[in-house]
Amino acid sequence: MEKSIKKGFYFKQYQAPHQSPFDKLFEIFKELITHTSGDFDEAIDWLRELDKEYKLTDEHYTIDDFIEDLKKKGYIKDELKDDGTSGFGITAKTERAIRQQALDQIFGKLKRSGNGNHKTKHAGNGDEHTGEFREFHFGDSLERISLTESLKNAQINNGVNDFMLTENDLVVEDTQYKAQMSTVLMIDISHSMILYGEDRITPAKKVAMALAELITTRYPKDTLDILVFGNDAWPIAIKDLPYLKVGPFHTNTVAGLQLAMDMLRRKRNTNKQIFMITDGKPSCVRERDGSYYMNSNGLDEYIVDKCYTQAQQARKLHIPITTFMIASDPYLQKFVNRFTEANQGKAFYTGLKGLGEMIFEDYETNRKKKLK
């Protein structure tokens with residue numbers, strides 16, 4: 001007599017997965033080093049304070065042991081500080097680990113999705129089969145010929161006994177065209193990004209690091225350029241993101257848009273887009289003589305009109321702009337609405353929570369269609 005197998009659920013108290021003392025501290029350290037803009041000493045000071053409050057270590061494994069392991073594993077290196085004293089700085093290995101952590105935190109759902117280059121609705125030259133067949137045309141590569149379907153056609157058209165395969169019997173299977181996207185991410189580093197007791201620059205940095213890690217690992221044929229804008233705008237490298245800080249700047253949105261379009265003009269990809277993360281109104285433009293015109297009181301017509309002009313220029317270049325406004329002031333929404341209308345782009349009014357997911361979803365959506 002066969003034994004019956006009973007199926008069901010067994011409930012027990014949750015047990016956290018085992019982590020070594022180093023791994024537990026390293027997760028916290030990566031978060032702290034992001035908040036301190038790459039300042040190792042400050043991050044360790046914070047870690048020591050957290051250790052005092054939450055008993056993260058014991059006599060068998062101390063913060064000093066952790067620092068020694070960081071050095072042995074290649075996460076930190078000796079470096080000379082600006083004041084001439086010696087100390088530690090993070091390495092490229094740590095920068096990669098921070099980007100990966102940001103990706104896991106913001107885009108964790110990607111782990112459950114399939115392999116990935118993004119597909120469009122257009123068939124073309126690619127390496128992913130669509131399941132649809134068509135007649136062979138001159139110029140089609142031989143490896144795209146479906147042997148099974150072609151032999152079947154030959155038997156139907158010419159019979160089995162007097163088998164003959166002709167060009168008219170050949171069919172090819174279409175492959176999916178994989179879109180390539182060139183993206184410029186604009187990050188506002190004006191002083192308002194740390195005002196009112198809210199740290200807005202750290203979430204923006206995390207989004208940028210996660211997006212960079214996503215593109216380089218999942219969409220390697222795409223390009224991502226990152227720029228920051230305050231009184232002026234300038235590009236930064238992906239490796240510089242952990243060290244990004246807010247300055248005593250106004251918001252020169254025009255300079256950021258001009259630089260973003262200059263970057264995208266050099267790209268060969270058809271699909272191009274600009275993502276802009278900001279929390280404030282445009283308050284600064286640079287004049288032709290090199291001087292700055294600034295006005296932080298309300299919306300200055302002279303400044304915002306120049307923003308609208310840039311939005312229209314981007315539209316002529318077929319570059320949509322998606323604005324992520326980390327503010328809810330009605331007069332700012334009015335500006336963003338008009339700016340978005342001038343570009344025919346999109347705008348999201350969001351707090352810091354969910355910012356990363358919004359950017360990811362919009363990036364994925366835009367890659368599915370041909371941007372015009």
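The values are calculated or read from the model by the stated rules, or taken from the named source; none is laboratory data. Model, not experiment: these values are computed from the prediction. Here the Cβ positions follow ideal geometry from the backbone for every residue, glycine too, while neighbour counts run over all protein chains shown. Just so you know, the surface numbers come from the protein's heavy atoms only, side chains and all, with ligands and any DNA or RNA stripped out. Shrake-Rupley method; radii C 1.70, N 1.55, O 1.52, S 1.80 Å.
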Taking every pair of alpha-carbon atoms in region 318-372, give the share separated by more than 14 Å as a whole percent.
56
Calculate the dipole size of the chain relative to its Cα centre from +1 charges on Lys and Arg beta carbons and -1 charges on Asp and Glu beta carbons; express the result in debye to the nearest 20.
1120
Largest-first ranking of ARG315, ARG99 by accessible area, probe 1.4 Å, whole protein assembly kept, is ARG315, ARG99
Histogram of C-alpha separations across region 134-258, 5 Å bin width, %
2, 9, 14, 13, 9, 7, 5, 4, 5, 6, 6, 6, 5, 4, 3, 1, 0, 0
Region 234-372: relative contact order from alpha carbon pairs under 8 Å, six or more residues apart, as a whole percent, is 24
Quick one: of LYS272/LYS306; LYS206/LYS353; LYS24/LYS245; LYS30/LYS205; LYS24/LYS55; LYS267/LYS316, which pairs are farther than 18 Å apart, Cα to Cα?
LYS272/LYS306; LYS24/LYS245
Mind giving me the FRET efficiency for ASN337 and GLU357? R0 is 22 Å, r the Cβ-Cβ distance, nearest 0.05 is fine.
0.45
Surrounding net charge for ASN158, when Lys and Arg each add one and Asp and Glu each subtract one, Cβ distance under 12 Å
-1
TYR54 accessible area, assembled protein chains, probe 1.4 Å, Å²
140
Could you provide, to the nearest whole Å², the per residue accessible area of region 218-372 with probe 1.4 Å?
49
Of region 247-267, those with amide N under 19 Å from the point 7 Å along the Cα→Cβ vector of ASP82 are 247-249
Relative to the longest principal axis of the C-alpha atoms of the chain, give the angle of the C-alpha long axis of helix 355-367, reported between 0 and 90° and rounded to the nearest 10°.
30
Using alpha carbons only, how many degrees (0 to 90, rounded to 10) separate the axis of helix 330-343 from the longest principal axis of the chain?
40
GNM of the chain, Cα pairs under 10 angstrom: of ASP23, ASP222, ASP83, the biggest fluctuation goes to ASP83
Residue by residue, what Karplus-based ³J(HN,Hα) values in Hz, rounded to whole numbers, does region 280-291 have, using 6.51, -1.76 and 1.60 with θ = phi - 60° and x for Gly and Pro?
x, 8, x, 9, 7, 9, 9, 7, 5, 7, x, 7
Yeah, the chain with a ≥ b ≥ c from its alpha-carbon gyration tensor (a/c under 1.5 is rounded, else prolate when a/b outruns b/c, oblate otherwise) is oblate
When you have a sec, figure out the Kirkwood radius of region 215-320 from all distinct Cα pair distances and drop it here in Å to one decimal?
15.0
Within the set GLU143, GLU173, GLU357, GNM on the chain using Cα springs under 10 Å gives the largest fluctuation to GLU143
In region 140-234, if the dipole is taken from +1 on Lys/Arg beta carbons and -1 on Asp/Glu beta carbons about the Cα centre, which of GLN155, SER141, SER182 is farthest to the positive end?
SER182
Any chance you could run the full-extension gain for GLN15 through LEU50? It's 0.36 nm times the residue separation minus the Cα-Cα distance, nm to one decimal.
10.3 nm
With the chain treated as a Gaussian network of Cα nodes joined by springs under 10 Å, which of ALA237, ALA154, ALA92 yields the largest mean-square fluctuation?
ALA154
Computed [θ] at 222 nm, helices only, for the chain once each DSSP H run of length n ≥ 4 contributes -39500 (n - 2.57)
-12000 deg cm²/dmol
Kindly state, to the nearest 0.05, the FRET efficiency for ASP262 paired with THR309, given R0 = 22 Å and r defined as their beta-carbon distance.
0.90
Whole-percent carbon and sulfur contribution to the accessible surface of the chain (1.4 Å, no ligands, DNA or RNA) stands at 50
